[in-house]
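Comments concern the structure below.
The values are calculated or read from the model by the stated rules, or taken from the named source; none is laboratory data. As the structure is a prediction and not an experimental result, all values here were calculated from the model. Ideal geometry is used to build each Cβ from the backbone, glycine not excepted, and the neighbour counts take in all protein chains shown.
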Amino acid sequence: MSIMIILILLLIPACMLVGSWMFISCRIWFHILAMVSAYVFGIISALAVNDILRDDTVFMTNIHGVFNNQLFLLSGGYLGCYGIYLMWRRLLVEIRKE
């Protein structure tokens, strides 16, 4: 499982980078997906914290239940890959300038 996670973190941002060079519309879709993922991630996080505060339960043990939400994990995973993609893109743009 660890090797699969490492490979995904290497391959998906690289594919995103190649896709953004080949098709301009890919960049727009990557940004749109990132915005939707950020909203989903934030809403699920806020609702989980709100439930814990409303129920007056122990924060440290109950907040980890949010990791069972597949949508939360998917949106967080995409944001991680998107962040790496943006860093690679920025680095390569800076290298091209010089």
Looking only at region 64-98, which residues are outside any helix (DSSP H, G or I) and of a type in the set (D, E, K, R)?
GLU98
Could you check, for region 53-62, whether at least one of its residues is assigned to a helix (DSSP H, G or I) and either of a type in the set (Asp, Glu) or on the phi > 0 side of the Ramachandran plot (or both)?
yes
Contact list, first residue from region 1-20 and more than 12 Å from GLY83 (Cα to Cα), second anywhere and part of a helix (DSSP H, G or I) and basic (Lys, Arg), beta-carbon distance below 9 Å, six or more apart or interchain, is GLY19/ARG27; SER20/ARG27; SER20/ARG89
So, in region 1-28, how many residues would count as being among the hydrophobic types (A, V, I, L, M, F, W, C), surrounded by 13 or more Cβ atoms within 10 Å (Cβ to Cβ) and more than 15 Å from GLY77 (Cβ to Cβ)?
3
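Each row is one residue, and each column tells you yes or no for (1) more than 20 Å from CYS15 (Cβ to Cβ); (2) surrounded by 14 or more Cβ atoms within 10 Å (Cβ to Cβ); (3) of a type in the set (Gly, Ala, Ser); (4) at pLDDT 95 or above.
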residue: LEU33; (1), (2), (3), (4): no, yes, no, yes
residue: SER45; (1), (2), (3), (4): yes, yes, yes, no
residue: ASN62; (1), (2), (3), (4): yes, yes, no, no
residue: ASN68; (1), (2), (3), (4): yes, no, no, no
residue: MET87; (1), (2), (3), (4): no, no, no, yes
residue: VAL93; (1), (2), (3), (4): no, no, no, no
Residue list for region 78-98, restricted to those being without any contact (Cβ under 8 Å) to a residue 60 or more places away in the chain and touching a Ser or Thr at 6+ places or on another chain (Cβ under 9 Å):
TYR78, LEU79
Look through VAL40, VAL49, VAL58 and report the one residue that is surrounded by 12 or more Cβ atoms within 10 Å (Cβ to Cβ), farther than 27 Å from CYS15 by Cβ and touching a helix residue (DSSP H, G or I) at 6+ places or on another chain (Cβ under 9 Å).
VAL49
